[in-house]
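The values are calculated or read from the model by the stated rules, or taken from the named source; none is laboratory data. Source: prediction; values computed, not measured.
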Amino acid sequence: DGVYAQILAASKRVLIIFDGFEELRDYEMLLQTLEKDLVMSLQKDSKVQSFTIRQLFSAILQRVLLPGCTLLLATRPRGAAS
């Protein structure tokens, strides 16, 4: 809980790296507008709420959660060798 509170308090000092973004299925869905209730829940400091990884990922990409953080999305061209 303390770590999460520190991250929220200093989101401008947070770097999040998503590697392999192109490997996500339906990644376009992550950019669809989040429901109002979900946005309000994410913005509250509620320890009772639980969210799916997809909801958290979407909220970070849409700057609902950790709005000041730096995002780095790593992708590879299609057909590139692993």
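Odds and ends about this structure:
- Residues that are outside any helix (DSSP H, G or I), more than 14 Å from the chain's Cα centre (by Cα) and at pLDDT 85 or above within segment 10-62 comprise just one, 10.
- Segment 63-82 - residue that is among the charged types (D, E, K, R) and modelled with pLDDT of 80 or more and, of those, farthest from residue 34 (Cα to Cα): 76
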